[in-house]
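The values are calculated or read from the model by the stated rules, or taken from the named source; none is laboratory data. Fair warning: this is a prediction, and the values are worked out from it, not measured in the lab. Quick reminder, even Gly has a Cβ in these numbers, built from the backbone with ideal geometry, and neighbours come from all protein chains shown. These area figures cover heavy atoms from the full protein model, side chains too; ligands, DNA and RNA do not enter into them. Shrake-Rupley method; radii C 1.70, N 1.55, O 1.52, S 1.80 Å.
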Amino acid sequence: MAMNYTEEQLNNFDKATLVQLFLVQQDQLKEIDNKLQILIEQVAVLNNKKFGSSSEKLTDSNQLSFTEINGEIVLFFNEAEVLADEEAKEQSATKTRSKKRVGKRAEDLKNLPKVLVEHKMTEEELREAFGEDSWKQLPDEVYSRYKFTPAKVEVEEHHVAVYASKKTDKMVKADHPGYLLRNSLVSPSLEAAIMNGKYVNGAPFARMEKEFERYGLPITRQNMANWTIHCGERYLAIIY
């Protein structure tokens, strides 16, 4: 239970005692913050149960669990078990070119770029399997797989040519893109990813910070918060 002190008592404490009291209160505030985070997550889950689609409702309280990651208490639940539907099986992924079937799978794939990967046998392998000139090629067996390439982080190093007159003090720079925020490493593509993660996917800055760490990008949640506020005020204020 937290202790309450009067102003007179605090004035009579020495520096060491005040520092100790501050550290204790700091720990208490951190504990309160963690508990508040749990309550927020619980409310989110309850709202999902009440208003979410029936296929995504949590049907078993044992599916809820809390864990601590890097000092933060977060909520996990067995989403795969909740959303799994054995009756919603995929169509067969294997087909031949001579039998084209149009269905949901074809609809899902039609707008995605395709990369052709051919698998052929060498002449030597064919001779070993069939003998000399004793084979013919049938229509290929074709199957599709989703290929996912994780996000890639690069550094754009802009070299802007600078020219000066030999006769006057005139200087001219080559055309180049303007900066999003002065003296900042943030780019439009990076800030767009941050805003999408925060406001579309609902990911806290703390989680995005850890995700960027896995890509080798040292961006703190404070960086992301500052960039988002400044970009919102500078570029989006006219909209909202």
Of the residues that sit in the stretch 43-63 and are open to solvent by less than 70 Å² (accessible area, probe 1.4 Å) and not β-branched (Val, Ile, Thr), which one is modelled with the highest pLDDT?
-> Ala44
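For (1) among the polar types (S, T, N, Q); (2) touching a residue at least 60 places away in the same chain (Cβ under 8 Å), each residue gets a yes or a no:
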position: Lys173; (1), (2): no, no
position: Gly178; (1), (2): no, no
position: Ser184; (1), (2): yes, no
position: Ala203; (1), (2): no, no
position: Tyr215; (1), (2): no, yes
position: Asn226; (1), (2): yes, no
position: Ile229; (1), (2): no, no
position: Leu236; (1), (2): no, no
position: Tyr240; (1), (2): no, no
Filtered residues of the stretch 195-232 (kept if open to solvent by less than 50 Å² (accessible area, probe 1.4 Å), aliphatic (A, V, I, L, M), assigned to a helix (DSSP H, G or I) and out of contact with any Phe, Trp or Tyr (no Cβ under 7 Å at 6 or more places or on another chain)) | Met195, Ala206, Met208
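Which one of Lys15, Lys89 is over 27 Å from the mean Cα position of the chain (by Cα) and either surrounded by 11 or more Cβ atoms within 10 Å (Cβ to Cβ) or at pLDDT below 75 (or both)?
Numbers: Lys15 fails: either surrounded by 11 or more Cβ atoms within 10 Å (Cβ to Cβ) or at pLDDT below 75 (or both).
Lys89 is the lone residue from the list that is over 27 Å from the mean Cα position of the chain (by Cα) and either surrounded by 11 or more Cβ atoms within 10 Å (Cβ to Cβ) or at pLDDT below 75 (or both).
Any chance you could count how many residues in the stretch 108-160 are closer than 30 Å to Gly216 by Cβ and open to solvent by less than 90 Å² (accessible area, probe 1.4 Å)?
Of the residues in that region, 5 qualify.
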